[in-house]
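The values are calculated or read from the model by the stated rules, or taken from the named source; none is laboratory data. All figures in this text were calculated on a predicted structure; none of them were measured in a lab. As a convention, Cβ positions derive from the backbone with ideal geometry for all residues, glycine included, and neighbour counts pool all protein chains shown.
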Amino acid sequence: MNACDIALPNIKALKPYQPGKPIEELERELGIRNIIKLASNENPLGPSKSALTAIKKAAQELTRYPDGNGFTLKAALADYYQLTPPQITLGNGSNDVLELLARTFVSPTDEVIFSQYAFAVYPLVTQAIGAKSVIAPSRDYGHDLDAMATLISDKTKLIFIANPNNPTGTALVPEQVEAFLQQVPASVIVVLDEAYVEYTTQSINTIEWLTIYPNLVITRTFSKAYGLAGLRVGYSLSSSDIADLLNRIRQPFNVNSLALAAAAAALTDRAYINQARQENAAGLKQFELGFEQLGLVYIPSKGNFIAVDVKTKAKPIFQSLLQQGVIVRPIDNYGLPNHLRISIGLVAENQRCLDALAIALEQTI
């Protein structure tokens with residue numbers, strides 16, 4: 001028996017996620033040392049001291065299962081956002097919650113709307129269910145909400161909006177998003193994916209919209225600005241009705257004990273978040289100036305990464321950077337074959353990347 005013969009067609013059609021090789025393996029394979037990784041939108045500062053302290057304390061109880069309800073972290077999030085714990089769903093990263101939303105509300109006969117150049121998880125979870133992806137054309141590499149609104153039909157069950165958007169870094173102003181919400185039927189769930197929101201300075205608190213739009217779900221994560229990517233903890237904020245449904249299919253121990261403790265401690269560490277935001281803003285400026293000196297056009301970003309047009313196929317440039325010990329992310333799988341997405345690192349890492357990019361361009365173009 002061939003397992004593929006009996007697998008669901010929509011699952012067979014999926015392309016597995018291809019993670020990058022570990023730094024240690026690349027150093028051995030390439031025969032080089034001191035590789036820097038600017039490929040996965042990670043916080044270069046390392047975790048906060050408060051998170052590390054919480055992890056050390058929680059490690060004493062590793063023989064115990066995690067709190068399946070995440071009581072302490074939910075209480076901390078509820079207090080922080082002035083919500084109630086029943087409005088919160090925890091996930092093994094926010095990706096986990098995005099999948100829960102699709103599994104809860106979407107059937108194979110339904111449609112899911114998202115934008116061109118939007119986060120790769122949206123089409124993945126849609127195809128895994130066997131539903132139809134409806135892709136709205138982008139506007140300036142970002143979301144065109146007017147175009148998305150015209151695509152809503154009786155079959156639409158879910159709409160994904162990433163703000164800021166990965167991999168392009170574009171961002172909508174909150175007024176645009178709220179105007180869109182007012183057009184969406186109450187029977188359609190709108191997911192506002194705010195994984196990078198801590199890097200922005202938006203003036204409107206989108207959490208307040210939850211009392212106005214019961215079909216709105218906001219997802220956030222501790223993987224980016226909070227520096228806890230290795231622990232995989234994200235969450236959604238919604239009506240208690242939506243959260244109740246998500247928690248019915250959520251695995252009871254989907255967030256581990258160390259992640260629960262670290263996230264609760266990191267949540268209120270404003271000094272760390274402020275430092276992360278300042279370092280990121282400086283790093284973005286450093287890359288922007290560097291790209292301009294190299295004669296390259298970039299997409300202005302509100303995240304902790306920046307996409308740059310290298311004026312040729314990006315894969316050879318990516319390989320040249322790799323040989324020089326710099327890992328970035330080609331994004332041809334998003335339909336941007338000439339772009340590289342580069343995560344913001346420390347000042348020295350950013351400069352090393354720019355220097356390596358100059359060499360790669362000279363060798364390739």
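If you go through region 242-274 and keep only what is charged (D, E, K, R) and either under 20 Å from residue 75 (Cβ atoms) or not assigned by TED's automatic domain parsing to the domain that holds residue 167 (or both), you end up with 244, 250, 269, 270.
Return yes or no: is residue 242 farther than 12 Å from residue 51 by Cβ and in contact with a strand residue (DSSP E or B) (Cβ under 8 Å, 6 or more places away or on another chain)?
On the way: farther than 12 Å from residue 51 by Cβ: yes; in contact with a strand residue (DSSP E or B) (Cβ under 8 Å, 6 or more places away or on another chain): yes.
Judged against the criteria, residue 242 is a match.
Would it be correct to say that residue 78 is modelled with pLDDT of 95 or more, farther than 30 Å from residue 343 by Cα, assigned by TED's automatic domain parsing to the domain that holds residue 169 and in contact with a helix residue (DSSP H, G or I) (Cβ under 7 Å, 6 or more places away or on another chain)? Criteria met by residue 78. If you go through region 258-273 one residue at a time, do you hit one that is surrounded by 16 or more Cβ atoms within 10 Å (Cβ to Cβ) and acidic (Asp, Glu)? The answer is yes, given that some residue of region 258-273 is surrounded by 16 or more Cβ atoms within 10 Å (Cβ to Cβ) and acidic (Asp, Glu). Restricting attention to region 224-250, the residues that are over 21 Å from the mean Cα position of the chain (by Cα) and either of a type in the set (Asp, Glu) or part of a loop (DSSP other than H, G, I, E, B) (or both) total 3.
Which one of these is modelled with pLDDT under 95 and of a type in the set (A, V, I, L, M): 179, 128, 136?
Numbers: 179 fails: modelled with pLDDT under 95; 136 fails: modelled with pLDDT under 95.
Selected residue: 128, the only one of 179, 128, 136 that is modelled with pLDDT under 95 and of a type in the set (A, V, I, L, M).
All of 114, 119, 160, 105 fail the test of being more than 21 Å from residue 15 (Cβ to Cβ), in the same structural domain as residue 236 (by TED's automatic domain parsing) and among the aromatic types (Phe, Trp, Tyr), apart from 105.
Residue by residue through region 274-293, note down the ones that are crowded, with 17+ Cβ neighbours inside 10 Å and of a type outside the set (A, V, I, L, M, F, W, C). Answer for region 274-293, where residues must be crowded, with 17+ Cβ neighbours inside 10 Å and of a type outside the set (A, V, I, L, M, F, W, C): 279, 280, 283, 286, 290. If the condition is being assigned to a helix (DSSP H, G or I) and either on the phi > 0 side of the Ramachandran plot or touching a residue at least 12 places away in the same chain (Cβ under 8 Å) (or both), then region 351-365 contributes 351, 352, 353, 354, 356, 357, 358, 359, 360, 361, 363, 364.
If I filter region 302-350 down to residues being in a helix (DSSP H, G or I) and under 23 Å from residue 143 (Cα atoms), which single residue comes out as nearest to the chain's Cα centre (by Cα)? Before you say what the answer is, go through the steps one by one.
Within region 302-350, the first condition is being in a helix (DSSP H, G or I), and the residues that meet it are 314-323, 332-334, 347-350.
Those left that are additionally under 23 Å from residue 143 (Cα atoms): 332-334.
Details: 332: 18, 333: 16, 334: 14 Å.
Selected residue: 334.
For region 186-223, the candidate set comprises residues that are touching a Gly at 6+ places or on another chain (Cβ under 7 Å) and part of a strand (DSSP E or B); within that set, the residue that is surrounded by the fewest Cβ atoms within 10 Å (Cβ to Cβ) is 220.
Quick check, is residue 133 in a loop (DSSP other than H, G, I, E, B), of a type in the set (S, T, N, Q) and free of Cβ contacts under 8 Å to residues at least 60 places away in the same chain? Criteria not met by residue 133.
Being assigned to a strand (DSSP E or B), closer than 18 Å to residue 168 by Cα and not assigned by TED's automatic domain parsing to the domain that holds residue 221, is that true of even one residue in region 275-290?
To start, the set of residues in region 275-290 that are assigned to a strand (DSSP E or B) comprises none.
There is no residue in region 275-290 that is assigned to a strand (DSSP E or B), closer than 18 Å to residue 168 by Cα and not assigned by TED's automatic domain parsing to the domain that holds residue 221.
Quick test for you: out of 51, 78, pick the one residue that is surrounded by fewer than 20 Cβ atoms within 10 Å (Cβ to Cβ) and either without any contact (Cβ under 8 Å) to a residue 24 or more places away in the chain or over 18 Å from the mean Cα position of the chain (by Cα) (or both). Of the residues listed, the single one that is surrounded by fewer than 20 Cβ atoms within 10 Å (Cβ to Cβ) and either without any contact (Cβ under 8 Å) to a residue 24 or more places away in the chain or over 18 Å from the mean Cα position of the chain (by Cα) (or both) is 78. Residue 36: touching a residue at least 40 places away in the same chain (Cβ under 8 Å) and either touching a Gly at 6+ places or on another chain (Cβ under 8 Å) or not assigned by TED's automatic domain parsing to the domain that holds residue 232 (or both), yes or no? Yes; evaluated as a whole, the condition is true for this residue.
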